[in-house]
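So the structure is just underneath, and the comments pick up after that.
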Protein chains: 2
Amino acid sequence: MPNLQAHLRVPGPTPLPDAVRAAGAWQMVNHRGPEFAALMGRVLPALQRAFRTSNDLVLVGASGTGGLEAAVVNHLSPGDPVLAVTIGAFGDRFAKIARQYGADVTTLPVDWGRAAEPGAVAEAIVRMRAEGRSPVAVLMTHNETSTGVTNPIAVLAAAVRSAAPDALVVVDAISGLGAVPFDTDGWGLDVVVTGSQKSWMVPPGLTMLAVSPRAWAAQERATMPRFYFDLRAHRDAATKGSTPWTPPVSVCFQLDVALGLMEAEGYDSIFARHAACGAATRAGLAALGFRLLADPEHASNTVTAAYVPEGLDWKSFNAELRRRGLALAGGQGRLTGIVFRVGHLGYVTLDDILAALDILEEALADAGRPVDRGSSLAAAARAGSEAARGRVPDATDPVVPSPLDAGRTRA
Amino acid sequence: MPNLQAHLRVPGPTPLPDAVRAAGAWQMVNHRGPEFAALMGRVLPALQRAFRTSNDLVLVGASGTGGLEAAVVNHLSPGDPVLAVTIGAFGDRFAKIARQYGADVTTLPVDWGRAAEPGAVAEAIVRMRAEGRSPVAVLMTHNETSTGVTNPIAVLAAAVRSAAPDALVVVDAISGLGAVPFDTDGWGLDVVVTGSQKSWMVPPGLTMLAVSPRAWAAQERATMPRFYFDLRAHRDAATKGSTPWTPPVSVCFQLDVALGLMEAEGYDSIFARHAACGAATRAGLAALGFRLLADPEHASNTVTAAYVPEGLDWKSFNAELRRRGLALAGGQGRLTGIVFRVGHLGYVTLDDILAALDILEEALADAGRPVDRGSSLAAAARAGSEAARGRVPDATDPVVPSPLDAGRTRA
């Protein structure tokens, strides 16, 4: 049955609420004028509340990757030892950026699908210190979009602090912050990066960073070249209610509106909604026989990666899903063709997950796959409402062995 | 009399046509999906037609300043001799970016308000060559937004070609391209940068660059560090109908719509409209007694800078203009407080200029200034229709001495 509606279930850009869409159509204003200054006066404190920080917030006109670059080039000098803890494609990208600008990067790679462990992080730092290369910064990913794994940043940051108290803790929080609990100041994070097109229910175009006093002090000394991404220029302009270069004004309008919606809903409710959607997605996919990539203990509540089952041609199946109105994401980097991903962040409710599973289930059945029609919906609804009621999402539930995936080994 | 309408007459962001505004409210799509690939398939060729080039076009999610940085870091190595021809604040910025990344920059500064001269450019190159520092690139500004001067890029580029045939010609065309005649291939330009919020009638958030085969060859050798702004990554992704990092999708929607509007109007008609608006603005301001900054021979048809007359407090007068619905821009850099600027680019007609002059005229009269009510409107209408009919804009008309500005000397 064709579906009249489009279901955008990729991990960003995420769907926009109507009020956010409407703000995208507002007429331009002067970004050096009073309307924009008033907007900055609302948006920056709202972001501080969302980040749970009293650190300075800056808005930069770029994607999240631009934010990662800003996080690197402002605080490091060529030759600086850096530890990059990478659990997937975006962790690798963060390390690559630092290397590109001449940092002396040691990577701590973790099997894709797993979270980093604080002991391993501490050990890596101890090894670096023993070599006389105490890290100036540790780069970490909060929520790895390529694998659907959420790192336990609180304990990882604590491990960094104990092993290298002077190292800056620099966190890519692009695809998690705003959707799942996060505590910039409580966890002692120095630089935190996010992007407008993720949990924030806003089109892409803005990256938002929180910068600690320690990180500003490091910025004074850091010699990596920077101009567009110079965060001090952004901070100085922000004090005057503007940005150093012309900002993406319409995306700023939309962020202002979206932050209002988020505060009206309340972050606890937002987190419960994402927990429900995450649990429902995992349970629904598992009921359909898909094997999930992520270690259940660290499964992300914003994106889920599932293996493409043996014998299913992803390209043509995905095209069929698109015809039915469901847009999913493929695998990234070394997972291209191996997994597909379902985004469940931002403007998403349990009903959206049920709609996506319904399309997926029917398409599988029509493709001649063994499907117990309705089973994924029932499983998802159960898991979703349990998670929303505060039961720990099905973290400890064993993953159901997949009838679609027999004989396939984990990548 | 309060004005019910808002008149955004700054040199970017520029007002949006209704169809462009509507596209800003469209729901998100996957930037790796077929809808976005189709958009890229329309936008890139339309930009090639607007740039008059067969060179590769790339879209980067950033302001024009980000585009200038991309134009520097992709084609140069630290230590490379570079000539930066600067006629204002944006020319200075271009030079500063190159210096920031370690280029050996020689500036050829031109008095603010004047255009660069081909002879001076050739001489500067000859001097650099005599010192064994033949420039790897020459940076130039097409339309200097801070002064309202349009450089004669055709003859300047020819001068570079004859004095240093191997030097890349790198042009900041941010605030002119799309509004006034421009010929990337005819003028032999290697890198041309523009920004969505100028002539393109689109919100800020995108910078668009045309890159010649010579510039791509230079990119292979150039060692300045780059990641987000790596144009090769953008070109490679463009061949697959996407971008390497998440693009500002809504701004891309809007650019697609705006380019359709521009092609429907036709570039000759767009250029005539800007010539009319430029001539009308200059004639209207002159009739009000404002002295203009720009050399009349090179006055910009997209932005006009006028001196703040003696005895007029710009800050409070500007606030009064804003109360009446007119948003103008102040001076930049060393012209802060000295000049104000009127933007007349993008979605602008002669009527908009008349409306702005009407507000300005009435506010001046209410401030007790000697104003012959209606005089600027008559002068603007006359100059505008003459310019639209193809008469060379009032380039050779003597500037009327200003009754408001007696005794003031040129900055």
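The numbers here are math on the coordinates, done by the rules we state, and not lab data. On a predicted model such as this, the values are computed, not experimentally measured, just so you know. Here Cβ is always computed from backbone atoms with ideal geometry, including for glycine, and neighbour counts include all displayed protein chains.
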Cα long-axis angle, helix A:267-287 against chain A (0 to 90 degrees, to the nearest 10): 40
Dipole axis of chain B (+1 Lys, Arg; -1 Asp, Glu on Cβ), positive-most option in B:VAL202, B:VAL371, B:PRO247: B:PRO247
Excluding exposed DSSP-loop trypsin sites (Lys or Arg not before Pro) (at most 15 other C-beta within 10 Å), longest clean stretch of chain A: A:1-239
In order through region B:215-220: 3J(HN,Hα) via Karplus (6.51 cos²θ - 1.76 cosθ + 1.60), integer Hz, x for Gly, Pro: 5, 5, 5, 5, 4, 4
If the convex hull is drawn through the Cα atoms of region B:1-159, its volume per residue in Å³: 168
Inter-centroid distance (Cα atoms) of region B:113-139 relative to region B:66-104, Å: 14
DSSP loop GluC sites (Glu not before Pro) with at most 13 other Cβ within 10 Å excluded, longest remaining stretch of chain A: A:132-309
Angle between chain B longest axis and helix B:314-323 axis [Cα atoms, degrees, rounded to 10]: 90
Inter-copy separations for A:THR239, label at 7 Å along Cα-Cβ, nm, ascending: 4.8
18 Å Cα-Cα reach of A:LYS315 towards lysines, excluding residues that sit fewer than 8 places from it in its own chain: B:LYS240
Percentage, to the nearest whole number, of Cα pairs in region A:266-388 over 20 Å apart: 38
Cα-centre dipole for region B:266-388 with unit charges at Cβ (Lys and Arg positive, Asp and Glu negative), debye to 20: 300
Chain A: equivalent-ellipsoid semi-axes (sqrt of 5 x gyration tensor eigenvalues, Cα, Å): 35, 27, 17
Packing-based exposure ordering (other Cβ within 10 Å, fewest first) of B:LEU377, A:LEU350: B:LEU377, A:LEU350
Hull shadow area, averaged, the protein assembly as shown [alpha-carbon convex hull, nm²]: 34.5
In degrees, nearest ten, helix B:118-130 long axis to first principal axis of chain B (Cα): 40
Residue (of A:ALA163, A:VAL73, A:ALA173) at the positive-pole extreme of region A:18-263, dipole from beta-carbon charges: A:VAL73
Reach of A:LYS96 by Cα under 16 Å, taken over aspartates and glutamates that are not fewer than 8 positions away in the same chain: A:GLU69, A:ASP80, A:ASP104, A:GLU144, A:ASP172, B:ASP230
Share of pairwise Cα separations in region B:18-263, more than 33 Å, in percent: 15
Shape box of region B:218-320 [Cα atoms, principal axes, largest first, Å]: 56, 37, 31
Ascending list, in nanometres, of distances separating the B:GLU320 label from those of the other copies (7 Å, Cα toward Cβ): 7.2
Fraction of alpha-carbon pairs over 25 Å apart in region A:122-234 - percent: 27
Point-charge dipole on Cβ atoms (K/R +1, D/E -1) for chain A, about Cα centre, debye to 20: 500
Given charges at beta-carbon only (K, R positive; D, E negative), |dipole| of the protein assembly as shown in Debye: 420
Other-chain or far-sequence residues with amide H under 5 Å of A:VAL339's (modelled H): A:VAL308, A:GLY331
C-alpha center-to-center spacing [region A:309-362, region B:177-207] in angstrom: 38
Ranked B:SER212, B:SER63, criterion: other C-beta atoms within 10 Å, fewest first: B:SER212, B:SER63
Other-copy label distances relative to A:GLY333, 7 angstrom Cα-Cβ extension, nm: 4.2
